[in-house]
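Structure record follows, encoded as structure tokens.
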Amino acid sequence: MTLTVPCLFGLESLVSGEMKRLNLKGVRAENGRVHCEGTMLDIARLNLNLRCGARVLMELGSFPAPDFEALFQGVLALAWEDYIPKDGEFPVKGYSLTSKLHSVPACQAIVKKAAARRLGNAYGCETLPETGSRYQIQFAIIKDTATLYLDTSGEGLYKRGYRAQNMGAPLRETLAAALVTLSRYRGKDPFCDPFCGSGTIPIEAALIAKNRAPGLDRSFAAQRWKNMNSCLWLEAADEAQDKEFLGTYDIWGGDIDPAAVELARHNAVLAGVEDCVRFEAADAGKFHRDSEYGQLVTNPPYGERLMEKKEAEALYRSFGQAHRGLPPKWRTVVLSSHTEFERCFGRPADKKRKLYNGMLKCDAFLYGR
């Protein structure tokens with residue numbers, strides 16, 4: 001079957017790399033999503049192991065949908081009864097881009113009606129109870145072609161299960177993992193985040209260093225599906241745990257707010273990485289390290305929701321001055337939406353990568369080769 005992993009724009013190459021390392025076949029990326037060919041076991045493997053993808057969708061079919069009748073007939077032709085049992089709950093959501101069928105609520109209603117008719121005919125009933133497990137239907141209509149999916153993940157993959165609460169504007173775990181990956185951190189060098197907030201970036205770095213699958217401590221929608229053997233999830237979890245590393249790591253997170261530091265420590269315990277991450281109250285403007293090599297990955301305040309722009313600029317200047325004291329072989333990744341970041345930081349980035357933090361357009365500023 002075809003499996004599709006949506007992701008933030010700009011992360012497609014990282015997600016496709018993850019899927020290739022899982023030895024999945026036919027990996028191909030397009031804007032905002034990566035496809036592959038896989039089995040029911042691969043659904044479990046992807047959900048447990050992906051660090052940067054948003055969720056795992058099972059593709060059920062694709063067909064031209066220039067009008068509502070074509071959409072209805074196309075959905076009706078799909079074998080929903082092969083996946084959704086008589087009591088299954090099957091809500092519908094989706095989107096439409098550059099298509100004649102541009103009303104999403106109308107498309108939702110048509111998809112729901114067609115799937116309900118197919119299931120009603122298959123089970124011999126006019127009304128379906130929808131009292132059982134959830135089988136979330138998703139549709140994408142792009143250039144008058146509709147593709148229908150079942151969402152195997154449930155809650156987004158960024159919900160690892162370890163973050164009890166947030167400090168201010170949160171950075172999603174999937175994006176934090178992407179920033180760590182961009183720094184090429186593998187667990188050997190020192191790793192630092194001087195604006196750690198609730199600890200997301202250092203915790204994701206620890207999970208990467210330990211090669212610990214990020215989805216081991218949560219559940220997924222497809223675990224409750226009647227057509228998916230629970231042994232597949234155990235097999236995928238055993239495979240993931242067999243690949244974990246044991247070692248000692250130098251991973252540090254600092255924040256000027258002691259409450260954030262306490263929360264970060266709490267989250268590290270929930271993530272099971274408290275033994276390899278240390279947090280302390282510290283001023284980023286006084287950051288200093290002597291080690292020859294290292295990675296610094298951080299997400300400082302942007303001057304939008306958390307701080308005024310002038311305050312953010314002053315912060316970037318003091319942090320930039322401290323950063324210039326680092327040995328030259330350190331690699332640094334800073335995520336910011338501030339258009340004047342490089343000027344305030346005092347140095348143009350060696351590379352820039354456009355990313356989105358939620359709906360906010362940002363740049364990842366990369367320093368070091």
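The values are calculated or read from the model by the stated rules, or taken from the named source; none is laboratory data. These figures come from a predicted structure and were not determined experimentally. Don't worry about glycine lacking a Cβ; one is built from the backbone with ideal geometry, like all the others, and counts go over all protein chains shown. Please note that ligands, DNA and RNA were not included when accessible areas were found on the heavy atoms of the full protein model with its side chains. Shrake-Rupley method; radii C 1.70, N 1.55, O 1.52, S 1.80 Å.
Candidates in the range 32-52 are the residues that are part of a loop (DSSP other than H, G, I, E, B) and touching a residue at least 60 places away in the same chain (Cβ under 8 Å); of these, the one that is nearest to the chain's Cα centre (by Cα) is 52. Against the criterion of being touching a Cys at 6+ places or on another chain (Cβ under 7 Å) and over 19 Å from residue 184 (Cα atoms), residue 254 qualifies.
Number of residues in the range 192-217 that are among the basic types (Lys, Arg) and touching a Leu at 6+ places or on another chain (Cβ under 9 Å): the value is 1.
What about residue 158, is it assigned to a loop (DSSP other than H, G, I, E, B), over 20 Å from residue 265 (Cα atoms) and touching a helix residue (DSSP H, G or I) at 6+ places or on another chain (Cβ under 8 Å)? So residue 158 does not fit the description; no. Contact map, the range 254-267: residues that are basic (Lys, Arg) paired with residues that are at pLDDT 95 or above, Cβ distance under 6 Å, separation 6+ or inter-chain. Pairs shown: 265/279. Inspection of the range 8-28 finds no residue satisfying the criterion of being touching a Phe, Trp or Tyr at 6+ places or on another chain (Cβ under 6 Å), open to solvent by less than 20 Å² (accessible area, probe 1.4 Å) and of a type outside the set (S, T, N, Q). Among the residues examined, residue 153 qualifies as at pLDDT 95 or above, surrounded by 20 or more Cβ atoms within 10 Å (Cβ to Cβ) and not in a helix (DSSP H, G or I). Among the residues of the range 52-69, those identified as touching a Leu at 6+ places or on another chain (Cβ under 9 Å) and either open to solvent by 30 Å² or more (accessible area, probe 1.4 Å) or under 13 Å from residue 101 (Cβ atoms) (or both) are 54, 55, 59, 60, 62, 63, 65, 66, 67, 68.
The number of residues in the range 102-122 that are open to solvent by less than 40 Å² (accessible area, probe 1.4 Å), in contact with a helix residue (DSSP H, G or I) (Cβ under 6 Å, 6 or more places away or on another chain) and not β-branched (Val, Ile, Thr) comes to 3. Within the range 1-31, the set of residues being among the hydrophobic types (A, V, I, L, M, F, W, C), outside any helix (DSSP H, G or I) and in contact with a Gly (Cβ under 7 Å, 6 or more places away or on another chain) comprises 1, 3, 5, 7, 9, 24.
Test residue 210 against the criterion of being open to solvent by 10 Å² or more (accessible area, probe 1.4 Å) and modelled with pLDDT under 95, and give yes or no. It is false that residue 210 is open to solvent by 10 Å² or more (accessible area, probe 1.4 Å) and modelled with pLDDT under 95. Is it true that some residue in the range 221-233 is in contact with a Ser or Thr (Cβ under 9 Å, 6 or more places away or on another chain) and closer than 30 Å to residue 299 by Cα? Within the range 221-233, not a single residue is in contact with a Ser or Thr (Cβ under 9 Å, 6 or more places away or on another chain) and closer than 30 Å to residue 299 by Cα.
For the range 79-101, give me the residue count where each residue is exposed (fewer than 12 other Cβ atoms within 10 Å of the Cβ) and either modelled with pLDDT under 95 or not charged (D, E, K, R) (or both). Within the range 79-101, residues that are exposed (fewer than 12 other Cβ atoms within 10 Å of the Cβ) and either modelled with pLDDT under 95 or not charged (D, E, K, R) (or both) number 3.
Being closer than 14 Å to residue 325 by Cα, open to solvent by less than 80 Å² (accessible area, probe 1.4 Å), not in a strand (DSSP E or B) and not small (Gly, Ala, Ser) is the filter here; which residues of the range 255-301 pass it? Passing the criteria: 287, 289. So, residue 143, is that one open to solvent by 30 Å² or more (accessible area, probe 1.4 Å) and under 26 Å from residue 32 (Cα atoms) or not? Considered against the rule, which asks whether it is open to solvent by 30 Å² or more (accessible area, probe 1.4 Å) and under 26 Å from residue 32 (Cα atoms), residue 143 comes out as yes.
For residue 205, the conditions (1) open to solvent by less than 20 Å² (accessible area, probe 1.4 Å); (2) over 29 Å from residue 294 (Cα atoms) are fulfilled apart from (2). Scanning the range 156-183 for residues that are closer than 15 Å to residue 298 by Cα, modelled with pLDDT of 95 or more and of a type in the set (A, V, I, L, M, F, W, C) returns 175, 176, 177, 178, 179, 180, 182. Any residue in the range 343-356 that is of a type outside the set (D, E, K, R), touching a strand residue (DSSP E or B) at 6+ places or on another chain (Cβ under 7 Å), assigned to a strand (DSSP E or B) and buried (at least 18 other Cβ atoms within 10 Å of the Cβ)? Yes; the residues of the range 343-356 include at least one that is of a type outside the set (D, E, K, R), touching a strand residue (DSSP E or B) at 6+ places or on another chain (Cβ under 7 Å), assigned to a strand (DSSP E or B) and buried (at least 18 other Cβ atoms within 10 Å of the Cβ). Would you confirm whether any residue within the range 302-323 is in contact with a His (Cβ under 8 Å, 6 or more places away or on another chain), more than 22 Å from residue 257 (Cα to Cα) and either among the aromatic types (Phe, Trp, Tyr) or part of a helix (DSSP H, G or I) (or both)? Checking the range 302-323: not a single residue is in contact with a His (Cβ under 8 Å, 6 or more places away or on another chain), more than 22 Å from residue 257 (Cα to Cα) and either among the aromatic types (Phe, Trp, Tyr) or part of a helix (DSSP H, G or I) (or both).
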